[in-house]
Amino acid sequence: MVASCPNCGTELVYNHEATTWECVKCGNTFERSQVEDTLPDGKHRRRDKDDYPTPAPLAKWAVDRAWELKTPMLSRPHNLFVLEPGCGDRAPFARAAALRGEDPAAVGSNVTSIDIRARGELPSDAEPVEDYAREHGINNLAVHRGVDFLDVKRVVDLVGEAVYIRGFDVIATNPPYNLAEDFIRHALAMLHPTGVAVFLLRLSFMSTQGRIPLFRDRPPAEVHVLHKRPSFVNGKTDNSEYGFFLWTGETLDAVRRSEGRQHARLFWIDNREW
Ligand SMILES: C[S@@+](CC[C@H](N)C(=O)[O-])C[C@H]1O[C@@H](n2cnc3c(N)ncnc32)[C@H](O)[C@@H]1O
């Protein structure tokens, strides 16, 4: 790939040994994550496979909210089946869910995370979640790489037919933007009837004509608008507003409808400190 110097715009040279980019003109050295999303004109290209990692506090918020809605639905305590499709290297939602399972007094978790990219294809230098889990003795978290979440047969083979049919209790992610609706539809198809699916999306996601069928047939239960734009890469934000969109499984949807609540409830999250 070609990368240009964020300071002077000169084409950078990649140093394979140091795994850094170097500018022959101004002599600066840059980490991969500092330049690989910068175009020569200073604009940003979308990162490969929409690799925009979610800040950990946001992912934790989403998982906590899903737990809050899901656990009163449990007739007896059991570990929740949790899935983060498109988990990237850090798998922040899966990690937050796995850590909830650490508290023996709480409702635990059995977490699966998958991503289409194989290990080693990851562009960032972040610690892969499987290494984090090993180092911290977390053993309720499985990571599967090289798996296309939209390949239903592959996902069924991976999680097992019984679990796929039963459905996951919590599905949470920040999906690749260009596949967001496909991700949501597949997630809803494999959501437990009292499950909760949480997606971090641009707010403009809800205003597109092509998504009329989705919002008519499966309106989300809640939308939580983020007051502050999240920063996904190098402390920078893009020009979009974001929020968490929360869908519930069919049983919870029916409860909502019986209470006359067809439409999504709107909330705001004060994330200024995150
Ligand atoms: C916006 S990133 C989010 C990563 C992570 N969920 C997070 O919140 O930090 C989207 C991720 O989806 C993965 N992805 C893209 N297409 C996919 C597919 N068809 N199946 C599984 N993962 C996919 C990308 O490799 C990327 O890691």
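The values are calculated or read from the model by the stated rules, or taken from the named source; none is laboratory data. Treat the numbers as computed from the prediction; the structure is a model and nothing was measured. With ideal geometry, Cβ positions are generated from the backbone for all residues, glycine too; neighbour counts draw on all protein chains shown.
For every residue, the table says whether it meets (1) at pLDDT 95 or above; (2) outside the structural domain of Ala189 (by TED's automatic domain parsing); (3) away from the ligand (no atom under 14 Å from the Cβ); (4) more than 18 Å from Tyr177 (Cα to Cα).
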{"position": "Leu99", "(1), (2), (3), (4)": "no, no, yes, yes"}
{"position": "Ser109", "(1), (2), (3), (4)": "no, no, yes, yes"}
{"position": "Ala118", "(1), (2), (3), (4)": "no, no, no, yes"}
{"position": "Pro123", "(1), (2), (3), (4)": "no, no, no, no"}
{"position": "Pro128", "(1), (2), (3), (4)": "no, no, no, yes"}
{"position": "Ala133", "(1), (2), (3), (4)": "no, no, yes, yes"}
{"position": "Asp151", "(1), (2), (3), (4)": "yes, no, no, no"}
Just to be sure I understand the filter: pairs with C-beta atoms under 9 Å, separated by 6 or more residues or on different chains, first member in the stretch 170-194 and more than 25 Å from Pro57 (Cα to Cα), second member basic (Lys, Arg) and not in a helix (DSSP H, G or I). Which pairs pass?
Arg185/Arg218
Among (1) hydroxyl-bearing (Ser, Thr, Tyr); (2) touching a helix residue (DSSP H, G or I) at 6+ places or on another chain (Cβ under 8 Å); (3) more than 12 Å from the ligand (Cβ to nearest atom), there is one condition Ser113 misses while meeting the rest; what is its number?
(3)
Which one is modelled with the lowest pLDDT among residues in the stretch 191-233 that are of a type in the set (Val, Ile, Thr) and under 15 Å from Val170 (Cα atoms)?
Thr194
Among the residues that make up the stretch 36-56, is at least one of them modelled with pLDDT of 75 or more, within 25 Å of Asn139 (Cβ to Cβ), away from the ligand (no atom under 16 Å from the Cβ) and part of a helix (DSSP H, G or I)?
no
Look at Asp64 and say whether it is on the phi > 0 side of the Ramachandran plot, surrounded by fewer than 19 Cβ atoms within 10 Å (Cβ to Cβ) and either at pLDDT 85 or above or within 11 Å of the ligand (Cβ to nearest atom) (or both).
no
